[in-house]
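**Student:** Here it is, the structure in full.
The values are calculated or read from the model by the stated rules, or taken from the named source; none is laboratory data. Quantities reported herein were computed from a predicted structural model and do not represent experimental measurements. Neighbour counts are summed over all protein chains in view; Cβ atoms, including those assigned to glycine, are modelled from backbone coordinates with ideal geometry. Ligands, DNA and RNA are stripped out before the accessible areas are found, and what is left, the full protein with its side chains, is counted by its heavy atoms. Shrake-Rupley method; radii C 1.70, N 1.55, O 1.52, S 1.80 Å.
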Amino acid sequence: MPDSSPGSEAAPRVRRTQQERRDATRLKLLDATVECLVELGHAGTTTLAIAQRAGISHGALFKHFPTKAVLLGAAVEHLFPRLISEYRAEIDAAPAPVGDRVVQAIERLWSIYQRPELLAAIELYVAARTDPELASALSTVDPPHRRHLHRVARELFPDVASTHPDFDAIIELILNAVQGAAVGGVALPANPDHRQMLALLVRFARGSFSTPPQP
């Protein structure tokens with residue numbers, strides 16, 4: 001016999017709203033897109049492969065993202081904040097003295113750029129050179145992403161950021177140098193020049209941050 005005692009009935013199942021279901025489906029598609037890019041590369045990533053990995057019909061995919069380019073751009077936009085959050089968490093988990101923070105920041109940056117998902121995102125930027133639709137989708141993602149990166153740099157080095165007029169340019173130079181080396185590392189992963197480059201970047205950043213601004 002079923003238990004009719006008070007409190008024995010299971011709590012009614014809360015139904016998700018239509019917006020919650022839509023958000024969950026969208027998240028599945030974004031995660032599946034990143035996974036496909038990592039495993040299959042840009043050339044092998046199709047909307048059909050993404051839909052199958054997400055467990056969603058091909059037609060439903062296009063109800064959320066009208067084109068493949070829009071989906072790829074949204075996947076990169078979804079990925080970048082997560083990687084930045086992980087970067088900050090790694091640094092905050094083992095805070096270095098001020099004098100060693102430059103080393104820590106650049107070393108952690110290099111490790112993030114070795115992540116397969118970030119290299120997959122960089123691959124999209126290369127592909128965008130000959131794909132105007134993809135270039136347009138990425139053009140809306142990159143500016144806020146770069147601003148986010150610079151905001152994090154200012155949080156890590158507030159004193160330098162508030163006094164050095166070239167702070168943003170130095171950060172941009174470091175980001176571009178690490179990204180370029182990471183791309184080169186796809187072909188030559190054991191290139192010893194990369195470690196030398198990182199050591200040089202550390203010396204450059206330390207020297208730049210300690211140099212008083214010129215009037």
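**Student:** Show the residue pairs meeting these rules: Cβ distance below 7 Å; 6+ apart or different chains; first residue within segment 189-212 and under 17 Å from Ile170 (Cβ atoms) and free of Cβ contacts under 8 Å to residues at least 24 places away in the same chain; second residue open to solvent by less than 40 Å² (accessible area, probe 1.4 Å) and outside any loop (DSSP other than H, G, I, E, B).
**Tutor:** Every condition considered, the pairs that remain are Met197/Ala177; Met197/Ala181.
**Student:** Let me ask something additional. Only residues that are in contact (Cβ under 8 Å) with a residue 12 or more places away in the chain and either in a helix (DSSP H, G or I) or open to solvent by 50 Å² or more (accessible area, probe 1.4 Å) (or both): list them for segment 132-141, please.
**Tutor:** Listed by number, the residues that qualify are Glu133, Leu134, Ser136, Ala137, Leu138, Thr140.
**Student:** Examine segment 51-60 for a residue that is in contact (Cβ under 8 Å) with a residue 60 or more places away in the chain and surrounded by 15 or more Cβ atoms within 10 Å (Cβ to Cβ), and state whether such a residue exists.
**Tutor:** Checking segment 51-60: not a single residue is in contact (Cβ under 8 Å) with a residue 60 or more places away in the chain and surrounded by 15 or more Cβ atoms within 10 Å (Cβ to Cβ).
**Student:** Name the pairs: first residue in segment 61-81 and over 18 Å from Arg21 (Cβ atoms) and touching a residue at least 40 places away in the same chain (Cβ under 8 Å), second residue among the aromatic types (Phe, Trp, Tyr) and surrounded by fewer than 19 Cβ atoms within 10 Å (Cβ to Cβ), Cβ to Cβ under 7 Å, at least 6 apart or on different chains?
**Tutor:** none
**Student:** So Arg115 passes all but one of these: (1) open to solvent by 30 Å² or more (accessible area, probe 1.4 Å); (2) in contact (Cβ under 8 Å) with a residue 40 or more places away in the chain; (3) in contact with a Leu (Cβ under 8 Å, 6 or more places away or on another chain). Which condition number does it fail?
**Tutor:** Unmet condition: (2).
**Student:** Going through segment 106-125 one residue at a time, which ones are basic (Lys, Arg) and not in a helix (DSSP H, G or I)?
**Tutor:** Passing the criteria: only Arg115.
**Student:** OK, next. Tell me whether segment 163-172 contains one or more residues that are in a helix (DSSP H, G or I), of a type in the set (Val, Ile, Thr) and surrounded by 17 or more Cβ atoms within 10 Å (Cβ to Cβ).
**Tutor:** yes
**Student:** Could you identify the single residue in Glu35, Glu86 that is in contact (Cβ under 8 Å) with a residue 12 or more places away in the chain, among the acidic types (Asp, Glu) and within 27 Å of Arg21 (Cβ to Cβ)? Steps first, answer last, please.
**Tutor:** Details: Glu86 fails: within 27 Å of Arg21 (Cβ to Cβ).
Answer to the check: Glu35.
**Student:** Among the residues of segment 141-159, how many are farther than 20 Å from Leu124 by Cβ and charged (D, E, K, R)?
**Tutor:** Of the residues in segment 141-159, 4 are farther than 20 Å from Leu124 by Cβ and charged (D, E, K, R).
**Student:** Based on what the data block shows, is Ala128 outside any loop (DSSP other than H, G, I, E, B), open to solvent by less than 30 Å² (accessible area, probe 1.4 Å) and touching a residue at least 24 places away in the same chain (Cβ under 8 Å)?
**Tutor:** No: the conditions fail for Ala128.
**Student:** Moving on to the next point. Do you know which residues across segment 92-112 are surrounded by 14 or more Cβ atoms within 10 Å (Cβ to Cβ), of a type in the set (Gly, Ala, Ser) and in contact with a Lys or Arg (Cβ under 9 Å, 6 or more places away or on another chain)?
**Tutor:** Hits for segment 92-112: nothing passes.
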